Amino acid sequence: MTTISRRKLLERGVQISVGGAIIAATGTAAAAEQKVCADPKAMDGGQKSIRMSLNYVEVHTDQNQACGKCGFFTPDAANVGCGQCMIFTGPANAKGHCDSWAPKG
């Protein structure tokens with residue numbers, strides 16, 4: 001039988017708690033990165049078609065040309081990271097991109 005001191009037990013408890021907090025924070029950041037603002041299942045054929053024809057993506061590799069920096073995008077205060085696109089007449093991800101992207105004037 002192995003004995004463990006109270007000090008070691010407390011140290012390990014703190015290590016486990018901190019490790020758990022780090023894992024939880026990392027999971028939250030990853031979830032925010034993968035946020036989907038428009039559910040394709042809830043869209044009609046016309047909405048899906050215009051997004052496909054303009055090559056819309058929820059997260060673009062070049063954040064200098066992301067929807068959040070587009071003149072057609074209006075942020076949604078109630079749903080942070082999402083907004084409305086005038087081209088799609090519907091929701092778009094601030095980190096997304098489509099072929100109609102134009103810089104804010």
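The values are calculated or read from the model by the stated rules, or taken from the named source; none is laboratory data. Remember, it's a predicted structure, so these values are computed and weren't measured experimentally. As a convention, Cβ positions derive from the backbone with ideal geometry for all residues, glycine included, and neighbour counts pool all protein chains shown.
For ALA92, the conditions (1) part of a loop (DSSP other than H, G, I, E, B); (2) in contact with a strand residue (DSSP E or B) (Cβ under 6 Å, 6 or more places away or on another chain); (3) of a type in the set (A, V, I, L, M) are fulfilled apart from (1). Here is a check on your reading of the model: is ILE50 over 15 Å from the mean Cα position of the chain (by Cα) and at pLDDT below 80? No: the conditions fail for ILE50.
Residues in segment 88-102 include none that are surrounded by 13 or more Cβ atoms within 10 Å (Cβ to Cβ) and of a type in the set (Val, Ile, Thr).
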